[in-house]
1. Return the total of residues in segment 266-298 being of a type in the set (A, V, I, L, M) and outside any helix (DSSP H, G or I).
2. Counting residues that are polar (S, T, N, Q), on the phi < 0 side of the Ramachandran plot and not assigned by TED's automatic domain parsing to the domain that holds ARG123, which helices (runs of 4 or more DSSP H) fully inside segment 1-100 reach at least 1?
3. Scan segment 251-284 residue by residue and report those that are under 18 Å from ALA176 (Cα atoms) and basic (Lys, Arg).
4. Please go through (1) under 32 Å from the mean Cα position of the chain (by Cα); (2) assigned to a loop (DSSP other than H, G, I, E, B); (3) more than 21 Å from ASP177 (Cα to Cα) for PHE223 and return the number of the only condition it doesn't satisfy.
5. Could you list, in sequence order, the residues of segment 15-49 that are surrounded by fewer than 16 Cβ atoms within 10 Å (Cβ to Cβ) and of a type in the set (Asp, Glu)?
6. Please indicate, with yes or no, whether at least one residue in segment 255-265 is part of a loop (DSSP other than H, G, I, E, B), at pLDDT 95 or above and of a type outside the set (Phe, Trp, Tyr).
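The values are calculated or read from the model by the stated rules, or taken from the named source; none is laboratory data. Please read these numbers as outputs of a predicted model, since none were measured by experiment. Cβ placement follows ideal geometry from the backbone for every residue including glycine, while neighbour counts extend to all protein chains displayed.
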Amino acid sequence: MMELRHLRYFVALAEELHFGRAARRIGISQPPLSQQIRLLEADLGVRLFERTNRRVELTAAGGVFLVEARATLAQAERAAAMAGRAERGEVGELRIGFASSGALNAPFTRTIRAFRKAVPGVRLVLEEQVTANQIEALIERRLQIGFIRSPVAPDLPEGLVAVELCREPLLAFLRADHPLAVAHRGRAVPLAALADEPFVFFPSGAGTSLYDQVMALCRKAGFRPRVEQEARANATILGLVAAGLGVSILPASLAGFAVASVVGLRLSPAGTPTALWLVHRRDDPAPAAAAFVALASAQRPSPPSRRKAVSGR
């Protein structure tokens, strides 16, 4: 049976056209080289070399075989190199889920940029998903990494681990000419002042933890938001606020979203900040996933007291 070493022996002899020099080049003695070449010719059923006492020459079949042998050896070397890179997490694919507002947080954007620069051979497949869908996809191994929002450590299934990346306050988003925005410009707006305002917000079944957090915040202030217009995307919510259809409460990072005529105001009381968490499987064997988690952890802002990891039970 032909092996890669037979091809290496053949290429060495075809390039040297001298058994002694070819044997020294590949680190064996001349008799075994001669034997291996004869076995290769017998296996192929063709004569690869013309041999005389004075010289060794390739036959026509040998010339054709040389081209293919070189190509096969080169491909084998590429395959070995790719296997090594895959083992080191330098090639492949990494599937990442993210909450839409999470994409605006610095730890998310810095990690994506740092990973693409450090490991350009790994293709990142980013999927915008709400928290519930990300957790399900991580359990089913359709995702390897998730970026979710939760004001407190998320309650995760066994085998999933969460790392807190950053925290930010919730803001009230209103049209800039809204009476509350005008009256409280530069100051915090009382949460209770929003009790009689129509809200633009996520539907109750959207699967985002932000819905539960905002509802709990408003209940603590003594009212339930009157959601008159529902939307599933942050940009859509802000657009509908700009259209005058209501107010909303969203993460502060969305204040950097360029939506004309919309302002974000601090709330009083501010309530529990919302946090961005990286979630991954504890037993993920992929080196690329481990590299990504390490890079994300390095992007977390100070103070260190905010940095903690939470495991599923």
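1. Selection size over segment 266-298: 7.
2. Counting at least 1 such residues, we get 30-44, 60-87.
3. Pass one, segment 251-284, residues under 18 Å from ALA176 (Cα atoms): 251-267.
Of everything in segment 251-284, just one residue is under 18 Å from ALA176 (Cα atoms) and basic (Lys, Arg), namely ARG266.
4. Result: PHE223 passes all but (1).
5. Once the filter is applied, which keeps residues that are surrounded by fewer than 16 Cβ atoms within 10 Å (Cβ to Cβ) and of a type in the set (Asp, Glu), segment 15-49 yields GLU15, ASP43.
6. The answer is no, given that none of the residues of segment 255-265 is part of a loop (DSSP other than H, G, I, E, B), at pLDDT 95 or above and of a type outside the set (Phe, Trp, Tyr).
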